[in-house]
Amino acid sequence: MRVARNIAELGTHDGVVGLVPTMGALHAGHVRLFDVARPECDTLVASVFVNPAQFGDTRDLDLYPRDLSADTAIAEEAGVDVLFAPSADEMYPARFATWVVPEGVAEGLEGAARPGHFRGVATVCLKLFNIVRPDLAWFGRKDAQQVAVLKQLARDLNVSVEIRVVDTVRDPDGLALSSRNARLSPDERQRALAIPRALATRDVEAARTILLHAGLDIDYVEVADLDGPTLAVAARAGATRLIDNVLLEGDPT
Ligand code: PAF
């Protein structure tokens, strides 16, 4: 596996190019994305970039785990061909002043709870699509609204990338894998298990009751159309904000 620290080092690739964009702190959820992507492409690129533009909260950005040598080992083991790990200056050089501001499916849920979040996600993903030029890109269903925003972006801005979605990977106790889980105390983790239990009810009011009973702070519990009707939750266990969702009807595409 090659590690490219800037756009020049990344170069261009022949055949079917696949991209798995990540913010690092790679876990089994990312490995699932690599495993699904690997047989579909000639060159599999994974990006590791903690995108400052999508964090409203500087504390969350500062606390975000960063360990490029661990990420390199995990990506290499999973058969990634190129790990693109640019610096913030490479992605946002001096005088950077052009942003993608998605509307439509980006409104509500995360868009309402984290103003500017999807502007950061859409901008960095469009940049990654332009830099890597992938034919296919894979994202996890845990971030269902993000997937819907990026499909909308590709459609609206004629980006020739096919967005693929992969089911959420869960720990045996049901908690969706997330880099933020590492910040949970044992008690918070126990209480966070109310999230998958709440989603299993497939009902907004029943879910809300379970989350409140577990002492979680609810940002939202809503049904939204994210590639089909989806029950989506954002809640805090202590200082750690977690999101998760369940598709209520249809197959994820
Ligand atoms: O889901 C993520 O890890 C990030 O939002 C992404 C897609 C890598 C953009 O920074």
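The values are calculated or read from the model by the stated rules, or taken from the named source; none is laboratory data. Nothing here was measured: the structure is a model prediction, and the numbers come from that model. Cβ atoms come from the backbone with ideal geometry, glycine included; neighbour counts cover every protein chain shown.
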Residues in the range 38-51 that are farther than 17 Å from ARG133 by Cα and more than 14 Å from the ligand (Cβ to nearest atom): how many?
1
Taking only pairs six or more apart or across chains, which ones have beta-carbon atoms under 6 Å, a first residue in the range 47-59 that is closer than 30 Å to MET1 by Cα and in contact (Cβ under 8 Å) with a residue 40 or more places away in the chain, and a second residue that is of a type outside the set (D, E, K, R) and within 9 Å of the ligand (Cβ to nearest atom)?
SER47/PRO21; SER47/LEU128; ASN51/GLY120; ASN51/VAL124; ALA53/GLY120; GLN54/HIS117; GLN54/GLY120; GLN54/VAL121
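So that you can scan it fast, the table gives a plain yes or no per residue for (1) farther than 30 Å from HIS213 by Cβ; (2) surrounded by fewer than 21 Cβ atoms within 10 Å (Cβ to Cβ); (3) touching a Phe, Trp or Tyr at 6+ places or on another chain (Cβ under 7 Å); (4) at pLDDT below 95:
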site	(1), (2), (3), (4)
ALA112	no, yes, no, no
GLY116	yes, yes, no, no
LEU126	yes, yes, no, no
VAL132	yes, no, yes, no
LYS151	yes, yes, no, no
SER160	yes, yes, no, no
VAL169	no, yes, no, no
LEU177	no, yes, no, no
ARG183	no, yes, no, yes
Any idea which of (1) at negative phi; (2) touching a Ser or Thr at 6+ places or on another chain (Cβ under 8 Å) is the one GLU205 doesn't satisfy?
(2)
Pick from GLY15, GLY24: which is in contact with an Asp or Glu (Cβ under 8 Å, 6 or more places away or on another chain), at positive phi and away from the ligand (no atom under 16 Å from the Cβ)?
GLY15
Just for strands (runs of 3 or more DSSP E) wholly inside the range 212-253: which have at least 2 residues that are small (Gly, Ala, Ser)?
229-237
Taking THR123 and the conditions (1) in a helix (DSSP H, G or I); (2) over 26 Å from THR43 (Cα atoms); (3) within 13 Å of the ligand (Cβ to nearest atom), which numbered condition does it fall short on, given that it satisfies the others?
(2)
Would the range 131-141 turn up any residue that is touching a residue at least 60 places away in the same chain (Cβ under 8 Å), in a helix (DSSP H, G or I), away from the ligand (no atom under 14 Å from the Cβ) and of a type in the set (A, V, I, L, M)?
no
Any residue that is assigned to a loop (DSSP other than H, G, I, E, B), within 13 Å of the ligand (Cβ to nearest atom) and in contact (Cβ under 8 Å) with a residue 12 or more places away in the chain - is there at least one of those in the range 164-175?
yes
Select, from ASP35, ASP81, the only residue that is among the acidic types (Asp, Glu), buried (at least 16 other Cβ atoms within 10 Å of the Cβ) and either free of Cβ contacts under 8 Å to residues at least 40 places away in the same chain or away from the ligand (no atom under 15 Å from the Cβ) (or both).
ASP81
Which one of these is over 22 Å from LYS127 (Cβ atoms) and more than 16 Å from the ligand (Cβ to nearest atom): GLU103, GLU76?
GLU76
